[in-house]
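Below is one structure, written out as structure tokens, with a few remarks after it.
Please treat every number below as a calculation from the coordinates, not as lab data. What you see is a predicted model; the values in this text were computed from it and never measured. Glycine also receives a Cβ, built like all others from the backbone with ideal geometry; neighbour counts cover every protein chain displayed.
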């Protein structure tokens, strides 16, 4: 089976195994699309700046960790005090 969507071409070969039901095959393909979206198609910036009132904090996204179905960003946070 070949699945194609913008920017991605995925191929999965299912052997004729009677243990794998059509529902399981569909679930596997659906999860492949879901994981591709989670890791590669989210519109998250690598860097962002927040004004917390007393200081400015620069966040740099180093990587994303996948844990129990959730993507957790590993960020470097740099607080910069405001000159008063």
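What distance in nm separates the simple spin-label points at residue 16 and residue 63, each placed 7 Å from Cα in the Cβ direction?
4.3
Determine, from the Cβ-Cβ distance of residue 26 and residue 80 and an R0 of 35 Å, the FRET efficiency 1/(1 + (r/R0)^6), rounded to the nearest 0.05.
0.10
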